[in-house]
1. Give the Debye-formula value of log10 I(q)/I(0) at each listed q (0.24, 0.28 Å⁻¹), with one equal scatterer per alpha carbon of segment 95-153, two decimals each.
2. In what sequence do 234, 123 fall when counting other Cβ within 10 Å, fewest first?
3. Starting from the Cα of residue 286, step 7 Å along the direction of its Cβ; do the same at residue 314; then give the gap between the two resulting points in nm.
4. What number results when the radius of gyration of segment 173-315, computed over Cα atoms, is divided by 2.2 N^0.38 Å?
5. Give me the distance in nm between label points sitting 7 Å out from Cα along the Cα-to-Cβ direction at residue 123 and residue 104, one decimal.
6. Enter the Cα centre distance for the pair segment 218-262 and segment 273-315, rounded to the nearest angstrom.
7. Applying a 10 Å radius around every beta-carbon, put 296-305, 145-154 in order of their mean neighbour count, most first.
8. Would you order 105, 245, 185 from fewest to most other beta-carbon atoms within 10 Å of each residue's own beta-carbon?
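Values in this text are rule-based calculations from the coordinates and carry no lab data. Everything numeric in this text was worked out from a predicted model, so none of it was measured. Here the Cβ positions follow ideal geometry from the backbone for every residue, glycine too, while neighbour counts run over all protein chains shown.
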């Protein structure tokens, strides 16, 4: 999977060690529900272990990837739209006052519509092993787009010289504010990311299953554990997000629906005890759940009740 560049990378705060402290404060992050979802997505979509990728092709898999030289996936249009988006971001963030591309602007709305078009890009035919590199890059790009909104203007609101706990709070505040400000854009982009990552799981499973025993290294297994942890935290964050009334109902509904639609894919990564954690959380959230959320929570609960452990769950 391609390394994802975020606002964090630009200022290298993770090198200062603040990210480790932030990741240990999941419970505190959940206190600010509006941003928890996006924080967890950053964790989910960055399954990198220092210096190596979980899904770096082996010699055996390269032969499969080679057949995609004449690419029939149709994904180039996604990356062309992303190039336009990057240019729009550069122009918007350098304006006075700085901003981000908004769906109220026709040109930006057109590009965002392409970047959130699940029916066009997330087809079953696109998610094959021979397209592993490209679909991984697309999911990583989708994450980067969402994080660009959530991390907007971060450098002007965080004191990099502060202690890690203080930086965590400052980052949370920025993410919370941006998640609220850019609800219109994230309502479209977020579900695409959920669906993209879910569609990628069968390809990930196929890739892992084709590895020779000596290729299933500690680095890859550690990366897989990181993905699993990210999935668990993302699902938990989404459930809590669904009952947070500070965000628009349509925003919460779009995100929760995308998770519910793909819950059966996500469970193939989770262990049985991890699924039980989600069931416990759903049970506690149900009494306060708005009417639009109950059907989706029931769907997620049914998926999490599956006690089989096949696919990536078995690793």
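1. -1.05, -1.20
2. Ordered from fewest to most neighbouring Cβ atoms within 10 Å, 234, 123 come out as 123, 234.
3. The two pseudo-label positions are separated by 3.2 nm.
4. 1.11
5. 3.6 nm
6. Here the two parts' Cα centres lie 11 Å apart.
7. 145-154, 296-305
8. Result, fewest neighbours first: 245, 105, 185.
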